[in-house]
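K.L.:
Starting off with a structure, shown below.
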Amino acid sequence: MLARVWSASIVGIDAVKVGVEVDVSGGLPGIIVLGLPDSAVQESKERVKATLKNAGFAFPMRKIVINLTPADLRKEGPCFDLPISVGILAASEQVNADLLGDYLFLGEVSLDGSLRPVAGVLPIAATAQKMGITGLVVPADNTQEAAVVKGLVVYGCKNLSEVVDLLNNPGSCKPVQINDAVETVKASYPSADLHDVKGQAHARRALEIAAAGGHNLIFVGPPGSGKTMLARRLSGILPPLDFTEALEVTRIHSVAGLLKNRGSLVRDRPFRSPHHSASGPSLVGGGSFPRPGEISLSHRGILFLDELTEFKRDVLEFLRQPLEDGYVTISRTRQSVIFPAQFTLVASTNPCPCGYYGDTIQQCTCSPRQREQYWGKLSGPLMDRIDLQVAVNRLKPEEITQQPTGESSKSVRERVQQARDRTITRFQSEPSLRCNAQMQSRHLPIWCKLDDASRYLLEAAIKKLGLSARASDRILKVARTIADLAGEDNLQAHHVAEAIQYRTIDRML
């Protein structure tokens, strides 16, 4: 007898509907899986066989052919365990096959018959809803994630027996009801507060500008000056994710397998901090079956690269295209996938190998040649893409011993939110733009108009610092954010002057 069960496979951060056809016929007992299965799908033959026996069902000792369609799409992972199990039960007439066309099945089975959570449930649920599937059957631990999709009935089952009961007695299992409050995404802000930072008013101001405009930022200073401490407090002053942004972030984390047992939506802006030994593919994503890398996991959030100059130069060069385009394309022989990567890059580094170049207390022991080689790890095109380059100086003794007196993250976040609101209002005709850093060159003459004084000041900076056209555009974007924080509609000379001051590395080099 032939049975067809619907499932799905992940391609990038999207899903493709997959048909699981099971034929039980005469012949020597055995299981054959067709349709480009990977090793995990091939291994499901033995898992399913043991599961059915241990769960109290009869395993047909006949020839079983399992065909996964479309045949030219590579199938991977353990998510096909459940649809294969249901298909065998339907083909051997142990469950009612009349409702199989209405449901999409997804899940990994354990040998005792229990269901284990799998990755990528949210994009699969969205695809199922678009394709007219009325019900989604998933492991119980995946139900909150899947139920985010409106218009889709989600059933969470703890074991294979509950799935069989659902098919044989449809009224025996109730669908999952998600709390409507999930649509109001509330961020749980980190406990690290800007109030804890002593001194560093210039760096605190740069953090506020970076949060308001989505600008990339690098801190340069001697060891112990507070670069890492400052960078880790940026996430606390960013505006919260709205519901659309939360869905985008959740899709990526779902595909990466980071949502198991973590609820339905990612409520906090991501903060990723890979070690400097990270490889290029780990940053941008990749693999035989492409998976999101650190830059995609940082989408709508922060990618923090501590000790930037310790990263390999070729690894850092992987960041250039995503920083400019906001997405990364992974090409393989069989397929090409696109991962979103609109993140804010925050980095920190010492000014030289010993760390004390320009320090007022400890003398630098590096030669000019050593400093040149040190900064040579960072290419000019990469540094052009970093809007805010801030020198962080060592604290004075009296600043170290005094109590913190700076503003809290909450008060700074309120100003950042007001600036973002002004930006969103200005970009009503360009809904794809959500912050000033995302503006293209064609937008600058419209929203970054310069008066004569500002134009003269910018031209002088370009000539003196040898800035590229891209770097000058970045200055204009930062100036636009500074004006938004001040509540002003037009750019003025002092906005441009402050933006120029944040080209520390350009002045050093």
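The values are calculated or read from the model by the stated rules, or taken from the named source; none is laboratory data. Not measured: the values here are computed from a predicted model. Because the Cβ atoms are built from the backbone with ideal geometry, glycine has one as well, and the counts that use them run over all protein chains shown. Accessible surface areas use protein heavy atoms only, side chains included; no ligands, DNA or RNA. Shrake-Rupley method; radii C 1.70, N 1.55, O 1.52, S 1.80 Å.
K.L.:
Among the numbered conditions (1) open to solvent by less than 10 Å² (accessible area, probe 1.4 Å); (2) in contact (Cβ under 8 Å) with a residue 40 or more places away in the chain; (3) farther than 19 Å from residue 75 by Cβ; (4) touching a Ser or Thr at 6+ places or on another chain (Cβ under 7 Å), tell me where residue 148 comes up short.
P.N.:
(1)
K.L.:
Still on this structure: Output the residue which, of all residues in the range 74-89 that are in contact with a Lys or Arg (Cβ under 9 Å, 6 or more places away or on another chain) and modelled with pLDDT under 95, is least open to solvent (accessible area, probe 1.4 Å).
P.N.:
The selected residue is 78.
K.L.:
Here's something else I'd like to know. Does residue 434 satisfy the criteria of being outside any helix (DSSP H, G or I), under 25 Å from the mean Cα position of the chain (by Cα), at pLDDT below 95 and of a type outside the set (Ser, Thr, Tyr)? Step through it out loud before you land on a result.
P.N.:
On the way: outside any helix (DSSP H, G or I): yes; under 25 Å from the mean Cα position of the chain (by Cα): yes; at pLDDT below 95: yes; of a type outside the set (Ser, Thr, Tyr): yes.
So residue 434 fits the description; yes.
K.L.:
Residue 377 passes all but one of (1) under 33 Å from the mean Cα position of the chain (by Cα); (2) at pLDDT 90 or above; which number fails?
P.N.:
(2)
K.L.:
Here's a check for you: in the range 1-45, which residue that is of a type in the set (Lys, Arg) and more than 31 Å from the chain's Cα centre (by Cα) is nearest to residue 132 (Cα to Cα)?
P.N.:
Only one residue fits best here, namely 4.
K.L.:
Can you pull out the residues in the range 55-108 that are small (Gly, Ala, Ser) and either part of a loop (DSSP other than H, G, I, E, B) or within 21 Å of residue 257 (Cβ to Cβ) (or both)? So that I can check it myself, show each step before the final result.
P.N.:
Restricting attention to the range 55-108, the residues satisfying the condition of being small (Gly, Ala, Ser) are 55-56, 58, 71, 77, 85, 87, 90-92, 97, 101, 107.
Of everything in the range 55-108, those that are small (Gly, Ala, Ser) and either part of a loop (DSSP other than H, G, I, E, B) or within 21 Å of residue 257 (Cβ to Cβ) (or both) turn out to be 55, 56, 58, 71, 77, 92, 97, 107.
K.L.:
Looking only at helices (runs of 4 or more DSSP H) that lie completely in the range 211-289, which have at least 2 residues being of a type in the set (A, V, I, L, M, F, W, C) and open to solvent by 10 Å² or more (accessible area, probe 1.4 Å)?
P.N.:
Details: elements: 227-231, 243-255, 280-284.
Passing ranges, in order: 243-255.
K.L.:
Considering only residues that are farther than 25 Å from residue 240 by Cα and either among the small types (Gly, Ala, Ser) or open to solvent by 50 Å² or more (accessible area, probe 1.4 Å) (or both), which ones fall in the range 400-420? Steps first, answer last, please.
P.N.:
Just the residues of the range 400-420 that are farther than 25 Å from residue 240 by Cα, to begin with: 400-405.
Result: 400, 401, 402, 403, 405.
K.L.:
When the residues of the range 343-363 are filtered to those that are of a type in the set (Val, Ile, Thr) and in contact (Cβ under 8 Å) with a residue 40 or more places away in the chain, which remaining residue is surrounded by the most Cβ atoms within 10 Å (Cβ to Cβ)? Let's see the steps before the verdict.
P.N.:
Initially, the range 343-363 is screened for residues of a type in the set (Val, Ile, Thr), giving 344, 346, 349, 360-361.
When the remaining residues are screened for being in contact (Cβ under 8 Å) with a residue 40 or more places away in the chain, the result is 344, 346, 349.
Numbers: 344: 26, 346: 30, 349: 23.
Applying the filter and picking the extreme gives 346.
K.L.:
Let me ask another. Is the range 325-337 home to any residue that is part of a loop (DSSP other than H, G, I, E, B) and either closer than 30 Å to residue 395 by Cβ or among the basic types (Lys, Arg) (or both)?
P.N.:
yes
K.L.:
Now a separate question. Given the criteria outside any helix (DSSP H, G or I) and open to solvent by 10 Å² or more (accessible area, probe 1.4 Å), does residue 472 qualify?
P.N.:
When the stated conditions are applied, residue 472 does not pass them.
K.L.:
Those residues that are of a type in the set (A, V, I, L, M, F, W, C) and assigned to a helix (DSSP H, G or I), I need them from the range 406-431; list them, please.
P.N.:
If the condition is that a residue be of a type in the set (A, V, I, L, M, F, W, C) and assigned to a helix (DSSP H, G or I), then 412, 416, 419, 424 are the ones that fit.
K.L.:
Are any of the residues in the range 368-390 among the charged types (D, E, K, R), over 29 Å from residue 470 (Cα atoms), out of contact with any strand residue (DSSP E or B) (no Cβ under 9 Å at 6 or more places or on another chain) and not in a loop (DSSP other than H, G, I, E, B)? Reasoning before the result, please.
P.N.:
Residues of the range 368-390 among the charged types (D, E, K, R): 369, 371-372, 377, 384-385, 387.
Filter once more, so that each one left must be over 29 Å from residue 470 (Cα atoms): none.
No, that holds for no residue.
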